[in-house]
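Here's the structure, in structure tokens; my notes come after.
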Amino acid sequence: MRQIERLAEMPEAGPAIEAVGIEKRFGHIRALDGASLAVRSGEVLALIGDNGAGKSTLTKIICGALAPDGGELRFWGRPTAVASIRHAQDLGVETVYQDLALAPDLSVAENMFLGREPLMRRLGGLVPALDRRAMRARAAEALAGVGISLGSVDRTVRELSGGQRQAIAVARAVMWARSAILMDEPTAALGTRQTAIVYDTIRSAADRGLAVVVISHDIPKMLSLADRIAILRQGRTVAQERAADLTLAQVVTLMLGGNGREEAA
Amino acid sequence: MNGLTLDPPAAGPGPLGRALRSTPVAMALVVAVLILGFGALSPNWAFLRTSNLSTITLNVSVTMLLAVGITMILAAGELDLSIGANVVLSSVVGAKVLVALSGTPDEVRAAQYPDLALGVAAGIGAAVATGAAFGAVNGLLVTRLRVNSFIVTLGTMGIGTGTALVLTNGSNVPYVPRLLQTEFGVVRLFGVIPYPMIVVLAISGVMLYVLRHTRFGLYTLAIGSSREAAERAGIRTLPHVFRLFVLMGALAGVAAFLDLTRFATTNVGGHQTTALAAIAAVVIGGTSLFGGRATIAGSMVASLIPVILATGLVILGVQAFWQLIAVGMILIAAVAIDQRRRERLK
Ligand SMILES: Nc1ncnc2c1ncn2[C@@H]1O[C@H](COP(=O)(O)OP(=O)(O)O)[C@@H](O)[C@H]1O
Ligand SMILES: [Mg+2]
């Protein structure tokens, strides 16, 4: 981990995350067929594409939830086969999944620490136990850090609204991320005000030096929020440009088809 | 409601109200009412005599141990219907090993057990190992073949019972030393707490701790609540489920040996309603049949209900078989309540 943090401070080592020519098939479906993206530390990359374009699949490959059938992943320029979600987490990469991946019967605090719970020792160090007090305190702190005011982190996720759940998934990713955050439609269940808070969170995460990939259908907002835009069409990256160099019309054309590449260039 | 603000806890029920809403506490009240009710109805309060209550504890011990194991299985969203068959098979293997190592065939036939200590130690090992192996088979079938655990354990229930009958030709293992019973199985600490119950309480205490305070327990609940979420959190769910079935099997092996000490014989035709009783106790005690929510204390308390009903009915001169009918009805009611609760929270 320490080594990774040092790497993250060396921009000349290459983008924090780079996906090159990724391929993924589900049976006969070619979900990804030459998908690429690159995002540097301190940068927000918006990944845009129509439904079924392969955005979620690409995210899951980068975070180790799915294995690619072809192509290469690089972290700080170094080719890396991400073997598992744990592996990606060890690289400092956190994910907000489109389906949130929260366990409804566990508490907010348990969900935020699941898989990485702090332990303490009881009976003179003989018996391990979950350090629930630390979990509660740090979960509440992380939620407050992304602008979520909070009654109790002991409530189960089942009791919460869709928006509250999404906020927890975002706070969890922000809490653990050391080098990059992947957010798959993190504002889909949120109202206007809450959406604004998440966008602020994304910007400040990038300002703290994290690489952020955000998937969203709000193209105008992405054009102003993101540093760069990657556009995926039918599993293939059809453009990767600086946001400042693109117009809404160009993005829509690229996303939906036509001779978009020339228009964007 | 504001999407990003978690409501402060509602000014709801106080400590007493909350305690009454917790299923283990509610079940403890039900048990207390049943005990006092049968006490009042029984001639000369015979039901409340220490000897009677002590016998109830003895009768409940094996079911309670199995219920504790089933709590972990249900917590992970799985099911094990084969535990009764596992107890029978494990007790047969344990008894055979125990008898074979306690003395020569001629000696044991004459109720002489020169190597009893060795035999008992090996018998315990064999029973627990058989139970764990049985559980491992369940676990492998569930995790490798990806067959639903309801079906897998329905199948192994038959396989286990059949194997026990094949091994014994359908009759009980002969020459099991009576000493098991007279020195342990029916002995009571301070004349009150049966030895087998002490073993059950000790194991239950450990399991209670494991479920509440360890990663193993939390991961079990996480898997039962959402397997997808558990996997995304980096938990390797299949090995975990496998371990749970091995644990359940090992507990069935312990139950098998406790059974052996209690009756000083195997019971190859028995334990046909054991799985039902244990699963019913767990669900009645407040563990969700759908995984993710589990209480070992609730299972322990609720496992008393069938035995109290059976004993109470006998003392009242009613056929004990009514107990099966009552438990079946309570089970269905408990699942209906659980389902309602989930739907309300959706
Ligand atoms: N687990 C899966 N099994 C089969 N097909 C899948 C699976 N996941 C995604 N797909 C298919 O792959 C394509 C890309 O899906 P996805 O990555 O979810 O797109 P997006 O997130 O851009 O909407 C779609 O055609 C989808 O149906
Ligand atoms: Mg998607």
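Could you compute the FRET efficiency for residue A:129 and residue B:107, with r as their C-beta to C-beta distance and R0 at 41 Å, rounded to 0.05?
0.25
Could you check what % of the DSSP bridge pairs in the protein assembly as shown are antiparallel, to the nearest 5?
Of all bridge pairs located within the protein assembly as shown, approximately 60 percent are antiparallel.
For a label point 7 angstrom out from the Cα of residue A:224 toward its Cβ, which stretches of the range A:189-207 have the backbone nitrogen within less than 19 Å?
Under cut-off, by backbone N: A:190-207.
Percent of Cα-Cα pairs per 5 Å bin, from 0 to the last occupied bin, for the range B:226-312, please list those.
Result returned by the calculation: 3, 11, 14, 21, 20, 14, 8, 5, 3, 1.
Under a 5 Å amide H to amide H cut-off, with H placed in plane at 1.01 Å, what residues pair with residue A:41 once short-range neighbours are removed?
A:16
Can you list residues whose amide H is under 5 Å from residue A:24's amide H, if they're 5+ apart or on another chain and H is modeled 1.01 Å from N?
Excluding prolines and chain starts, which carry no amide H, the hits are A:31, A:32, A:33, A:34, A:69.
Before rounding to the nearest 500, sum -39500 (n - 2.57) across all DSSP H runs of length at least 4 in chain A and divide by the residue total; then give [θ] at 222 nm in deg cm²/dmol.
Result for chain A: -10000 deg cm²/dmol, rounded to the nearest 500.
Calculated FRET efficiency, residue A:26 and residue A:196, Cβ-Cβ r, R0 22 Å, to nearest 0.05?
In this case the efficiency is close to 0.05.
Could you run the numbers on buried accessible area between B and A, total for both chains, 1.4 angstrom probe, in Å² to the nearest 100?
Accessible area lost upon association: around 3200 Å².
If you build the convex hull over the alpha carbons only and average its shadow over all orientations, what do you get for the protein assembly as shown? Give it in nm² to one decimal.
That works out to 33.3 nm², a quarter of the Cα hull's surface.
Tell me the carbon and sulfur percent of the accessible area for the protein assembly as shown, rounded to whole percent, probe radius 1.4 Å.
60
Name the residue, out of A:52, A:191, A:70, whose mean-square fluctuation peaks in a Gaussian network model built on chain A with Cα pairs under 10 Å.
Most flexible of the set in this elastic network: A:191.
Counting only other residues whose beta carbon sits under 11 Å from that of residue A:243, what net charge do I get with K and R as +1, D and E as -1?
Net charge around residue A:243: -1.
How much accessible area does residue A:26 have with a 1.4 Å probe, in Å² rounded to the nearest 10?
Taking all protein chains as shown, residue A:26 has close to 90 Å².
Output needed: percent of Cα pairs per 20 Å distance bin for chain B, bins running from 0 to the one holding the longest distance.
29, 55, 15, 1, 0
Excluding residues on the same chain fewer than 8 positions from residue A:24, give the aspartates and glutamates whose Cα lies under 14 Å from its Cα.
Answer for residue A:24, where 14 Å is the Cα cut-off: A:33, A:69, A:72, listed by chain and number.
Of the candidates B:281, B:85, B:136, which one comes out as most mobile in a Gaussian network treatment of chain B with C-alpha springs shorter than 10 Å?
Sorting by GNM fluctuation, first place goes to B:136.
For the range A:2-256, what is Rg from Cα atoms divided by 2.2 N^0.38 Å, rounded to two decimals? Present the calculation step by step, with values, prior to reporting the outcome.
Working: Rg = 18.5 Å, N = 255, 2.2 N^0.38 = 18.1 Å.
The value comes to 1.02.
Could you pull out every residue, at least 5 positions away or on a different chain, whose amide H is within less than 5 Å of the one on residue A:46? Hs are placed 1.01 Å off N in the peptide plane, and Pro or chain starts have none.
A:214, A:227, A:228, A:229, A:230
The values are calculated or read from the model by the stated rules, or taken from the named source; none is laboratory data. Only a predicted model underlies this, so the values are computations on that prediction, with no experimental measurement involved. Backbone-built Cβ (ideal geometry, glycine too); neighbour counts: all protein chains shown. Calculation scope for accessible area: heavy atoms of the full protein, side chains included, ligands and nucleic acids excluded. Shrake-Rupley method; radii C 1.70, N 1.55, O 1.52, S 1.80 Å.
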